[in-house]
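Beneath this line is the structure, given in structure tokens, with notes to follow.
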Amino acid sequence: MTTTRILVIEDEERIRQFLQRGLTYENYRVDVAADGPTGLALARENSPDLVILDWMLPGMDGLEVCRRLRSAGAMPILMLTAKDSVSDRVQGLDAGADDYLVKPFSFDELLARLRALLRRATPTQPEVLRFADLTLDTGTRQAFRAERAVELTAKEYELLELFMRHPRQVLTREVIYDRVWGYDFGGESNIIEVYVRYLRQKTEANGASRLLHTVRGVGYVLREE
Ligand code: CA
């Protein structure tokens, strides 16, 4: 297994260190640069698997760096931006960014975006997972309950995908933590309960039957009544 290499180009030291620490802890190999030219040089040297790029950089701005990275390679680029208007997003997409994260962001949100971008970048064949009248397209990441589209956040999607890949199998809380959150939240966290509740609300809209069931004291299972 090769280690995924991430290049962070961010002039703000506090954020740069926050990203370096957090990503290293998640077992990524991390290179950091405080400006565009240094970042471009590192990208040429190290061929990163993904680049996290700040929009507002002194000297050469993030958009220009993005254009040059894009002409140099096909790695996914996640832009960090304080800007959140539609025209800014369009500009960034034109420059070749694959996704955005608006500051301030949480580390979990960042990780979810990274994983999604890296997954998209690796040539795994998209599938359509089906259980009862629930379908999940792993290519477009769209979910449907019968004909009705179910809008999911990144984490909700990951959790539902895990259940859809293990139908009728009881998944323990530990397995769910490991697979969806990826690190130890501590036994007291109720984050799984919260996300299962979100998924139930979304999949059971309009009186649809329950598919996600609680197995008391153990975990959860995807099954029909
Ligand atoms: Ca900045």
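The values are calculated or read from the model by the stated rules, or taken from the named source; none is laboratory data. No experiment lies behind these values; they were computed from the predicted model shown. Note that we place each Cβ from the backbone using ideal geometry, even for glycine, and neighbour counts take in every protein chain shown.
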Of all residues being at pLDDT below 90 and in contact with a Leu (Cβ under 9 Å, 6 or more places away or on another chain) in the range 4-28, which is surrounded by the fewest Cβ atoms within 10 Å (Cβ to Cβ)? Just the residue, please.
22
Restrict the check to the range 42-51 and report whether at least one residue is part of a strand (DSSP E or B) and within 18 Å of residue 110 (Cβ to Cβ).
yes
Are there any pairs, at least 6 apart or on different chains, whose C-beta atoms fall under 9 Å, with the first in the range 155-171 and in the same structural domain as residue 202 (by TED's automatic domain parsing) and the second acidic (Asp, Glu) and surrounded by fewer than 19 Cβ atoms within 10 Å (Cβ to Cβ), and if so, which?
155/108; 155/109; 168/224
From 75, 164, grab the single residue that is under 28 Å from residue 11 (Cα atoms) and either in a helix (DSSP H, G or I) or not acidic (Asp, Glu) (or both).
75
Residue selected from the range 131-142 under the condition of a type outside the set (Phe, Trp, Tyr) and touching a residue at least 12 places away in the same chain (Cβ under 8 Å), by the criterion surrounded by the fewest Cβ atoms within 10 Å (Cβ to Cβ)
140
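If the requirement is being in the same structural domain as residue 25 (by TED's automatic domain parsing), farther than 23 Å from residue 141 by Cα, of a type in the set (Gly, Ala, Ser) and touching a residue at least 40 places away in the same chain (Cβ under 8 Å), which of these qualifies: 71, 47, 87? Give the steps one after another, and end with the answer.
Working: 71 fails: touching a residue at least 40 places away in the same chain (Cβ under 8 Å); 87 fails: touching a residue at least 40 places away in the same chain (Cβ under 8 Å).
Unique residue meeting the criteria: 47.
Restricting to the range 76-87, name every residue that is away from the ligand (no atom under 16 Å from the Cβ) and within 21 Å of residue 107 (Cα to Cα). Working first, answer last.
At the first step, the residues of the range 76-87 found to be away from the ligand (no atom under 16 Å from the Cβ) are 76, 85-87.
Answer for the range 76-87, where residues must be away from the ligand (no atom under 16 Å from the Cβ) and within 21 Å of residue 107 (Cα to Cα): just 76.
For the structure I just gave you, tell me whether residue 44 is in contact with a helix residue (DSSP H, G or I) (Cβ under 9 Å, 6 or more places away or on another chain), exposed (fewer than 15 other Cβ atoms within 10 Å of the Cβ) and closer than 30 Å to residue 209 by Cβ.
Values: in contact with a helix residue (DSSP H, G or I) (Cβ under 9 Å, 6 or more places away or on another chain): yes; exposed (fewer than 15 other Cβ atoms within 10 Å of the Cβ): yes; closer than 30 Å to residue 209 by Cβ: no.
In short, no.
Of all the residues that make up the range 193-203, how many are of a type outside the set (S, T, N, Q) and either touching a Leu at 6+ places or on another chain (Cβ under 8 Å) or not assigned by TED's automatic domain parsing to the domain that holds residue 147 (or both)?
Looking only at the range 193-203, we keep the residues that are of a type outside the set (S, T, N, Q), and these are 193-200, 202.
In the following step, the residues that additionally are either touching a Leu at 6+ places or on another chain (Cβ under 8 Å) or not assigned by TED's automatic domain parsing to the domain that holds residue 147 (or both) were identified as 195-196, 199-200, 202.
The total comes to 5.
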Restricting attention to the range 78-92, report how many residues are modelled with pLDDT under 70, of a type in the set (Ser, Thr, Tyr) and part of a helix (DSSP H, G or I).
0
Of everything in the range 1-28, what is outside any helix (DSSP H, G or I), in contact (Cβ under 8 Å) with a residue 60 or more places away in the chain and within 16 Å of the ligand (Cβ to nearest atom)? Give them in sequence order.
10
If I ask for residues that are away from the ligand (no atom under 14 Å from the Cβ) and touching a Pro at 6+ places or on another chain (Cβ under 7 Å), which ones from the range 29-64 would you list?
31, 50
With respect to residue 175, determine if the residue is part of a helix (DSSP H, G or I), in contact with a helix residue (DSSP H, G or I) (Cβ under 8 Å, 6 or more places away or on another chain) and closer than 30 Å to residue 19 by Cα.
no
If a residue must be crowded, with 19+ Cβ neighbours inside 10 Å and under 14 Å from residue 195 (Cβ atoms), how many such residues does the range 162-174 contain?
2
